[in-house]
Amino acid sequence: MAKDGSTAATDGTATGSGDIARSLELLWGTGDRPGRGPKPGLSLDRIVTAAIAVADAEGLAAVSMRRLSTELGTGTMSLYRYVPGKAELLDLMLDRVLGEPLPTDTERPVDTPPAGWRASIDAMARTYRDNLRRHPWLLKINQARTVLGPSALRGLELSLTALRSMGLRDPELISVIITVNSFVEGLARTQADAAEAVRETGLSDQEFWDNQRPYLERAMLSGAYPMMAGLSEDAFSAEFDHFDFGLLRLIAGFEALVAERTVDGTADRTTERTTERTAARK
């Protein structure tokens, strides 16, 4: 049982499933630092870096304290002086990759959102997609109860700053972020699952569909599926960019909402209230 009283799994596949208090201490640097040990140069930063490298190359299942001790050339017990176990390590790994800098152009400083909320949503989506490609193990973990560290909060702060000009209510701004992230995760998971299926079965996508072709052709000729039978040859083309298509449609939908709010004055009132609250905090 976790210290918060929950019975979440502690197999390292769910964030916030270990000692939450210890994870927070490590994330925010408020806990006791281990003294100099027998292995010079060993640090929490090196441990997290090694864990991410193993997960990127071989998947999250390959990450264990024993494996990391081999990668770092130290004894397994030495690692426990820095991090209690895999569950807490996962919290640190997640915050690290969430803190990877936004892609920037030569005109814009790092960690500065692009001008305009439309460009910001586009950048958010592409950044998250690139992050999932670099770290496919992110799709394998349960982030429902993420232990929030400085990198995660910085990312959320940047996103909210970039989207504030939409003039939406606070819960709606959070929903915009959730919607965009869910869209990106959905497509990324589909692509990752397809690649995993090829690895596990040894069948390419072409071979898989070729096996079904005789049955599908008979089904299409039966007259029972007229809509599908009438689809064009390129309906399921791998060349079609579902990411760009979907992202543009999302942004168009948000544009319609912002325009609606602007007409009835809701956006102006929301922005005014936000400015007043920000000023009050100062």
Legend entry - Formal net charge of residues neighbouring R129 (Cβ-Cβ distance under 15 Å; K, R +1; D, E -1): -2
Legend entry - For A14, residues with placed amide H under 5 Å, excluding near neighbours: N142
Legend entry - Cα centroid separation, the range 65-103 to the range 139-171 (Å): 23 Å
Inset, instruction - Can you tell me which of 41-50, 240-249 comes out highest on packing, and rank the rest after it, using the mean Cβ neighbours within 10 Å? - result: 41-50, 240-249
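Sorted by packing (mean other beta-carbon atoms within 10 Å per residue), highest first, where do 80-89, 153-162, 221-230 land?
On the way: 80-89: 20.2, 153-162: 16.4, 221-230: 9.8.
Per-residue Cβ counts within 10 Å, averaged per peptide and sorted highest first, yield 80-89, 153-162, 221-230.
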Inset, instruction - At 1.4 Å probe size, with every protein chain present, just tell me what the per residue accessible area of the range 145-205 comes to in Å². - result: 54 Å²
Legend entry - Largest to smallest principal axis extent of the C-alpha atoms in the range 148-247, angstrom: 55, 33, 20
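The values are calculated or read from the model by the stated rules, or taken from the named source; none is laboratory data. Remember, it's a predicted structure, so these values are computed and weren't measured experimentally. All Cβ positions, glycine included, derive from the backbone under ideal geometry; neighbour counts span all protein chains shown. When the accessible area is computed, the model is the full protein with side chains, heavy atoms only, and any ligands, DNA or RNA have been set aside. Shrake-Rupley method; radii C 1.70, N 1.55, O 1.52, S 1.80 Å.
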